[in-house]
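Step one of this worksheet: look at the structure below.
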Amino acid sequence: MNRAERKKTDPDLGVMAGQVLFSLQKELFSTLAEQGHPRLRPRHGAVLAYLDEDGSRATDLAQQSGQHKQVIGTLVDELVELGYVRREPDPRDRRAKLVVPTELGLDQMARSDAIVATIERRHAEAVGEEAYAVFRRVFKQVAEGHRGRLR
């Protein structure tokens with residue numbers, strides 16, 4: 001059996017994680033587009049998926065998403081231009097800035113959470129609630145293990 005056949009019949013963690021990620025992103029962003037957010041792209045998820053409703057520091061977004069600070073800065077610039085976030089002084093440290101969602105950003109965040117919850121419910125129904133709960137718990141442990149290796 002050649003490598004390509006093996007990847008199809010017995011995919012490794014990277015292949016499976018990629019398949020899940022790209023499928024989820026495709027459904028999430030196409031549904032968001034239908035719901036009034038057509039200019040967002042999957043790359044914006046590195047900010048929006050981790051953004052707190054009260055605002056987050058760019059350095060925290062970079063750490064949580066695993067992206068470089070410069071990448072997060074570029075994405076924040078794009079999201080400011082698109083009207084999803086604004087920069088404000090951090091009240092705890094006036095030298096720092098917070099990335100704060102606008103009303104449009106808050107709408108996207110709520111819709112995104114609902115869409116992902118629907119996707120997860122569908123998966124849980126397909127494999128069974130208990131099996132899906134075990135999958136999530138184990139996948140979270142694997143993801144946390146990999147995140148720890150990057151630090």
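Please treat every number below as a calculation from the coordinates, not as lab data. From a predicted model like this one, the values you see are computed outputs, not experimental measurements. Note that we place each Cβ from the backbone using ideal geometry, even for glycine, and neighbour counts take in every protein chain shown.
Using amide H atoms built 1.01 Å from N in the peptide plane, name the residues 5+ places from VAL85, or on other chains, whose amide H lies under 5 Å from its own.
VAL80, THR102
How many nm is it between the label spots at MET16 and GLU130, if each spot is 7 Å from the Cα in line with the beta carbon?
Output for this residue pair reads 2.0 nm.
Put +1 on the Cβ of each Lys and Arg and -1 on the Cβ of each Asp and Glu in segment 1-93; which of HIS44, LEU61, VAL85 then has its Cα farthest toward the positive end of the dipole?
HIS44
Mind checking the dipole of segment 24-151: about its Cα centre, +1 per Lys or Arg Cβ, -1 per Asp or Glu Cβ, Debye to the nearest 20? Let's see the in-between values first.
Details: 21 positive and 20 negative charges, 130 e Å.
Once rounded to the nearest 20, the dipole reads 620 debye.
What FRET efficiency, computed as 1/(1 + (r/R0)^6) with R0 = 25 Å and r the Cβ-Cβ distance, is obtained for GLN63 and ARG86, rounded to the nearest 0.05? Don't jump to the answer; show the numbers that get you there.
Working: r = 21 Å, r/R0 = 0.85.
Taking R0 as 25 Å, the efficiency between GLN63 and ARG86 is 0.75.
Go through segment 14-28 residue by residue and turn each phi into a ³J(HN,Hα) via Karplus (6.51, -1.76, 1.60, θ = phi - 60°); whole Hz please, and just put x for glycine and proline.
Working through the residues one at a time gives x, 5, 5, 4, x, 4, 5, 4, 5, 5, 5, 4, 4, 5, 4 Hz.
Give the residue list of GluC sites (Glu not before Pro) in segment 26-108 that are DSSP loop and have at most 15 other beta-carbon atoms within 10 angstrom.
Details: sites: GLU27, GLU34, GLU53, GLU78, GLU81, GLU103; in loops: GLU53.
Answer by residue number: GLU53.
Can you give me the long-range amide H partners of LEU40? Hydrogens built in the peptide plane at 1.01 Å from N, cutoff under 5 Å, separation of 5 or more residues or another chain.
Hits under the 5 Å cutoff: none.
Nearest 10 degrees is fine. How inclined is helix 129-150 to the longest principal axis of the chain, computing both from alpha carbons?
Taking the Cα atoms of the chain, the angle to 129-150 is about 60 degrees.
Using θ = phi - 60° and the Karplus form 6.51 cos²θ - 1.76 cosθ + 1.60, what ³J(HN,Hα) does each residue of segment 52-61 get, whole Hz, x for Gly and Pro?
Running phi through 6.51 cos²θ - 1.76 cosθ + 1.60 with θ = phi - 60° gives 7, 4, 8, x, 9, 6, 4, 5, 5, 4 Hz.
Relative to the longest principal axis of the C-alpha atoms of the chain, give the angle of the C-alpha long axis of helix 103-127, reported between 0 and 90° and rounded to the nearest 10°.
Long axis of 103-127 versus the principal axis of the chain: about 10 degrees.
Work out the count of Lys pairs in the chain where the Cα-Cα distance is under 27 Å, with the pair 8 or more places apart or on different chains.
Details: LYS7/LYS26; LYS7/LYS140; LYS8/LYS26; LYS8/LYS140; LYS26/LYS69; LYS26/LYS140; LYS69/LYS97; LYS69/LYS140.
Count of close lysine pairs: 8.
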